[in-house]
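**Q** Before I ask anything, here is the structure I am working with.
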Amino acid sequence: MVVLAPALLTLLITGHQLGRAPLWRDELATWSAASRPPADLLRMAGNIDGVAAAYYLLMHGWIRLFGDSAPALRLPAALCMAAAAGLTALLGSRLFDPRTGLLAGLLFALVPSTSRYGQEARPYALATLFALLATLALRRVLDRPTGRRWLDYAATVVGLGLAHLVALTLLAGHAVAVLLGWRAGRDRRLLRWPLALLPAALLLAPLAALGRAQQDRQLAWVDPPTLLDLATLPGAVAQSGPVGGLLLGLAALGAATRGRRGAALAGCVLLPAALLFAGGLLTPLWVPRYLIFVVPFGCLLAAAALGRLRTAAALPIVALVGLLGAPDQAALRRTHESPRSAPIDHPAAARIIGAHRQPDDGIVYAPRDGWALLDVATAYHLRGDQPRDLLAVRDQRDRADFWVTPCKEPARCLAGTDRVWLLVTGERSDPLAVLPAAQAAALRDGFGVDRVWTVPGLTVALLTR
């Protein structure tokens with residue numbers, strides 16, 4: 001009951017309207033990568049997103065079995081979050097007592113970020129699951145450090161790094177737990193902890209080097225963090241300012257009143273955040289969602305504080321988390337775009353093109369050099385029915401990345417086409433204005449704008465010769 005109730009509640013909440021929000025650009029990248037043959041996928045990993053190659057291979061197999069609809073793509077994340085909720089309750093039971101574990105699992109189920117990243121076809125939910133598996137394995141080691149338990153721990157750390165390299169910052173919190181455990185029992189076998197990390201170091205070092213080589217291209221959009229970013233981090237990680245603030249206060253109380261176990265859990269929350277902040281000052285790395293894996297440990301600390309109360313007093317506070325997060329739960333089911341960004345309705349744009357296209361139509365996209373991935377979105381929603389990409393001379397699969405090689409002579413590439421669709425970001429009165437000069441000139445010289453549609457975040461235009 002302690003494990004099952006939070007897992008089922010999380011699956012129920014996360015599964016609600018699982019496919020309602022359109023796939024956003026990161027999920028479209030997952031679909032683009034995971035839909036390729038494994039050989040092409042691995043070739044792509046050498047150019048971009050190499051750190052996610054294991055996840056993409058996993059999703060490739062999943063798509064082969066269950067298809068690539070939005071609910072199907074997101075279901076693995078929902079299942080991972082449900083399992084994570086159960087493991088949060090299990091870890092709380094082993095660290096404190098079953099009631100505290102149950103409260104922690106229920107808190108985790110209600111935090112909006114659990115639903116947000118349980119409804120996202122990206123590896124964050126998988127990293128959260130492995131963070132808990134690794135911590136449970138470490139807990140078993142601290143109880144009795146046998147060779148088999150060390151091997152189990154080493155294997156889960158490898159899985160954690162394969163799911164998301166940044167999640168390895170959790171090991172700083174594990175170091176605190178090992179140190180506190182050694183000081184409490186003086187068991188010299190705990191000093192073998194660095195040796196248990198050797199398999200992960202050997203297997204993941206090439207992946208880390210590949211990620212570092214690709215970082216500037218992949219994370220060029222990331223700004224260095226500020227003190228304001230640090231102050232708003234709890235809300236960003238929880239995907240709700242009020243929920244993040246409440247959990248932070250409860251977690252601080254739990255860390256202060258639960259001795260060395262509270263201190264170890266605090267290390268699992270604070271040290272990854274501190275390391276990501278410090279790393280973000282040196283290199284593009286500060287992306288708050290990378291820290292989703294610390295949410296269960298924050299919930300465990302909050303539950304440790306609530307565990308001091310009677311159940312009749314603790315449960316209303318748990319319910320308050322759900323109430324405070326309700327507006328954010330509703331918002332994340334409408335769009336997965338950043339709250340700072342306008343929603344982008346790829347399906348609406350695709351429906352317009354699909355309803356009006358003719359067999360010989362072509363299409364032009366702008367921009368093509370960033371992460372808008374308009375061509376990938378159109379290919380996903382229209383499948384084989386999208387117009388021909390007129391200004392692409394090499395596609396994503398041929399290039400082994402997420403972009404195309406543009407035509408250097410737009411007028412020549414447009415020749416022979418009488419109707420051209422134009423899909424650009426933003427809601428614009430003159431969609432041609434956002435194209436590169438040579439492309440815009442070729443279209444203005446040879447075509448007239450027949451009709452323009454705007455949908456949230458996008459402009460669709462039909463040009464005729």
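**Q** Taking amide H positions as placed in the peptide plane 1.01 Å from N, state which residues far from Leu458 in sequence (5 or more) or on other chains have amide H under 5 Å from it.
**A** Asp345, Gly426
**Q** Can you tell me the orientation of helix 147-163 relative to the chain, as the angle in degrees between its alpha-carbon axis and the longest Cα principal axis, to the nearest 10?
**A** Result, in degrees: 30.
**Q** Still on this structure, I have one more. Considering the zone a paramagnetic label at Val287 would reach in this model (a point 7 Å from Cα along the Cα-to-Cβ line), which residues of the range 45-62 have amide N under 15 Å from it?
**A** 48-56
**Q** OK, next. So what is the calculated 222 nm ellipticity per residue for the chain, using -39500 (n - 2.57) for each DSSP H run with n of 4 or more, over all residues, to the nearest 500 deg cm²/dmol?
**A** -20000 deg cm²/dmol
**Q** Per residue, how much accessible surface does the chain expose to a 1.4 Å probe? Answer in Å², no decimals.
**A** Ligands and nucleic acids excluded, the figure is 42 Å² per residue.
**Q** Name the residue farthest towards the positive end of the dipole of the chain from the options Gly161, Gln358, Ala433, assuming +1 on Cβ of Lys and Arg, -1 on Cβ of Asp and Glu, about the Cα centre.
**A** It is Gly161.
**Q** Same structure, new question: Roughly to the nearest percent, how much of the accessible area of the chain is carbon and sulfur, given a 1.4 Å probe?
**A** Roughly 63 percent of what the probe reaches on the chain is carbon or sulfur.
**Q** Let me have the relative contact order for the range 200-309, percent, based on Cα pairs under 8 Å that are six or more residues apart.
**A** Relative CO of the range 200-309 lands at 36 percent.
**Q** Follow-up question, since we're still on this one. With a 1.4 Å probe and all protein chains kept in place, how much accessible area does Ser338 have, in Å² rounded to the nearest 10?
**A** 50
**Q** Sequence-distant or interchain residues sharing an amide H contact under 5 Å with Arg333, placed H: which?
**A** Result for Arg333 returns nothing.
**Q** Could you tell me which label, among (1) 20.3; (2) 22.6; (3) 30.8, carries the value of mean projected area of the Cα convex hull in nm² calculated for this structure?
**A** (2)
**Q** I'd like the Karplus ³J(HN,Hα) series for the range 5-17: coefficients 6.51, -1.76, 1.60, θ = phi - 60°, whole numbers in Hz, and an x wherever there's a Gly or Pro.
**A** Karplus-based 3J(HN,Hα) across the range 5-17 equals 4, x, 5, 5, 5, 5, 5, 5, 5, 5, x, 5, 6 Hz.
**Q** Hey, another quick one. In the range 279-382, which trypsin sites (Lys or Arg not before Pro) fall in coil by DSSP and have 14 or fewer other Cβ atoms within 10 Å?
**A** Arg308, Arg310, Arg334, Arg340
**Q** Here is a follow-up. Could you pull out the trypsin sites (Lys or Arg not before Pro) across the range 107-188 that fall in loop regions by DSSP (anything but H, G, I, E, B) with no more than 12 other Cβ atoms inside 10 Å?
**A** Here the trypsin sites (Lys or Arg not before Pro) that fit, given the DSSP loop and packing criteria, are Arg186.
**Q** Just report the Cα centroid separation between the range 35-53 and the range 267-303, whole Å.
**A** Here the two parts' Cα centres lie 27 Å apart.
**Q** Roll a 1.4 Å probe over the protein heavy atoms and report the accessible area of Asp97 in Å², nearest 10.
**A** The value for Asp97 is about 50 Å².
**Q** Next question. Taking the Cα centre as origin and putting +1 on Lys and Arg beta-carbons and -1 on Asp and Glu beta-carbons, what dipole magnitude results for the chain, to the nearest 20 debye?
**A** 1900
**Q** How high is the FRET efficiency from Leu315 to Leu12, r the C-beta distance, R0 25 Å, rounded to 0.05?
**A** E between Leu315 and Leu12, to the nearest 0.05, is 0.90.
**Q** Still on this structure: Determine the relative contact order of the chain: mean sequence separation of Cα pairs under 8 Å and six or more apart, normalised by residue count, in whole percent.
**A** Relative CO of the chain lands at 17 percent.
The values are calculated or read from the model by the stated rules, or taken from the named source; none is laboratory data. In this text, all values refer to a predicted model and were calculated from it rather than measured experimentally. Note that we place each Cβ from the backbone using ideal geometry, even for glycine, and neighbour counts take in every protein chain shown. Surface accessibility is based on the protein's heavy atoms, side chains included, excluding ligands, DNA and RNA. Shrake-Rupley method; radii C 1.70, N 1.55, O 1.52, S 1.80 Å.
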